[in-house]
Each structure stands twice: as C-alpha cells, then as structure tokens.
Amino acid sequence: TNAEWGALVRAADSFGRDPFLAQRSRVLANWAGILEAGQDSDDYRRKRTVYLRVGTGHGHVHDDTLDLQIVASGLRMAGDLGWRPGYAQPESAETMMHDRVEVDDATHPREGNWLGHSWIAALAPLDGAQYMEAIAAPPPSHPTAKSYRRDVALIDAGNGSYVVDIQRIDGGTHPTWCFHGPWSDQFDV
C-alpha cells in the first residue's frame with residue numbers, strides 16, 4: 001500500500017548515506033590495494049576505483065598477481081570476473097587472462113603462469129592524485145625473473161579520472177602485456 005511504501009522510504013532515509021559510496025583508498029592484506037575517488041557524490045556512477053591484486057593467489061586460485069582492475073561510470077571497465085574453470089580457452093585462472101604482464105610463457109599449460117607473493121609497498125591517497133606501488137616476488141616457476149613492480153595512479157579530472165599504469169619486469173623472457181577488458185567491435189589504443 002501507499003502507507004507501507006511511505007514507511008519504507010522513511011526507514012531508508014533514516015539510515016543516511018550509503019557507506020559504500022564513502023569508502024576511502026585502502027590496502028586489504030593478502031587481497032588488494034585499492035584507490036577510490038568520487039566519495040563526494042551520492043551517485044554510484046561518479047565513483048571511480050582502481051585496484052591491484054596482491055597476496056599469494058591461493059584460495060582465489062587464479063595466477064593473477066598484480067592484476068589491475070578498473071571500475072568507473074557504474075561499470076566494470078577492466079577486470080577479472082573470476083569465473084570457474086571450463087568456460088574459456090585458455091582457462092580463466094591463467095596469467096594471460098588477466099590485466100598484467102606475463103613473462104616466461106611456456107608451451108605447456110600453466111608453466112608460464114605467475115602465482116607468487118606480492119604486496120603494496122606504498123600507498124599515497126592524496127586529494128586529486130592518488131598513488132600505490134606494488135611488488136611481486138618471482139615464484140620458483142620463474143627462475144630467470146628478478147622482479148616485477150607495478151605503479152598505479154588515479155588522477156582526478158573533473159567528474160572522471162585518469163589511470164596511469166606502469167609495469168616493470170626485470171629478467172624473464174617473452175614479456176607479453178595481457179589485457180582482459182570489455183568486448184568491443186571497435187577497440188582503439
């Protein structure tokens with residue numbers, strides 16, 4: 001009824017602002033470094049988020065160390081949707097299916113994948129320009145790789161943001177930039 005609907009609206013108004021919209025940049029140990037912008041708006045489409053996958057990958061079961069994901073305009077712009085095995089070829093858990101550099105690609109399945117420890121070494125959530133640095137320790141499966149680092153900045157520009165992404169690999173062979181983004185008939189770089 002109209003009275004019941006009115007009671008629901010009054011109850012919802014009493015809770016105040018959605019706390020999801022006010023989240024600040026942060027590090028979740030063994031999961032992700034997250035840069036957030038757009039906290040001033042109550043419109044979720046104005047929120048911008050970029051994050052890097054850190055930790056070991058165990059439990060999540062994807063070889064996605066330092067995977068970059070972007071959410072803006074209320075949509076996932078680039079990201080690993082985390083589907084279960086058997087739905088894609090190559091398999092969704094493989095490094096090449098994530099937004100990162102793959103090194104030491106091999107002819108045997110999963111030998112070129114990077115599953116190892118990583119962490120956020122620096123987080124600077126400054127107004128207008130935020131930054132984080134992530135470091136990944138090369139796993140035993142990559143004996144020629146010496147280091148993998150990724151620097152990401154989220155720079156505000158009006159109601160939007162720019163993402164600056166710098167990846168550095170020292171050692172290894174066959175570096176390949178992998179990007180798992182949205183489906184498009186017209187994709188320009």
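Points to keep in mind about this one:
- Computed accessible area, Tyr131, all protein chains, 1.4 angstrom probe, square angstrom: 80 Å²
- Of the whole protein surface, Arg24 contributes about 130 Å² of accessible area at a 1.4 Å probe radius.
- Taking the centroid of alpha carbons for each part, segment 116-133 and segment 27-103 are 15 Å apart.
- Each of the peptides 169-176, 30-37, 63-70 was scored by the mean count of other Cβ atoms within 10 Å over its residues; in descending order, highest first, they stand as 63-70, 30-37, 169-176.
- R0 of 30 Å, Cβ-Cβ distance Leu75-Ser14: FRET efficiency to nearest 0.05: 0.50
- The apolar share of the surface of segment 136-177, taken as the fraction of accessible area on carbon and sulfur atoms (1.4 Å probe, ligands and nucleic acids excluded), comes to 58 percent.
- Convex hull of Cα atoms in the chain, direction-averaged projection (nm²): 14.4 nm²
- Think of it as helices only: each DSSP H run of n ≥ 4 in the chain is worth -39500 (n - 2.57), and spread over all residues that comes to -2000 deg cm²/dmol at 222 nm.
- With protein chains left intact and a 1.4 Å probe, residues in the chain average 59 Å² of accessible area per residue.
- Computed from the C-beta positions of Thr144 and Asp42 and an R0 of 41 Å, the FRET efficiency is 0.20 to the nearest 0.05.
The values are calculated or read from the model by the stated rules, or taken from the named source; none is laboratory data. None of these values were measured; they are calculated from a predicted model. Glycine gets a Cβ as well: all are built from the backbone with ideal geometry, and neighbour counts include every protein chain shown. Note: areas computed on protein heavy atoms with side chains; ligands, DNA, RNA excluded. Shrake-Rupley method; radii C 1.70, N 1.55, O 1.52, S 1.80 Å.
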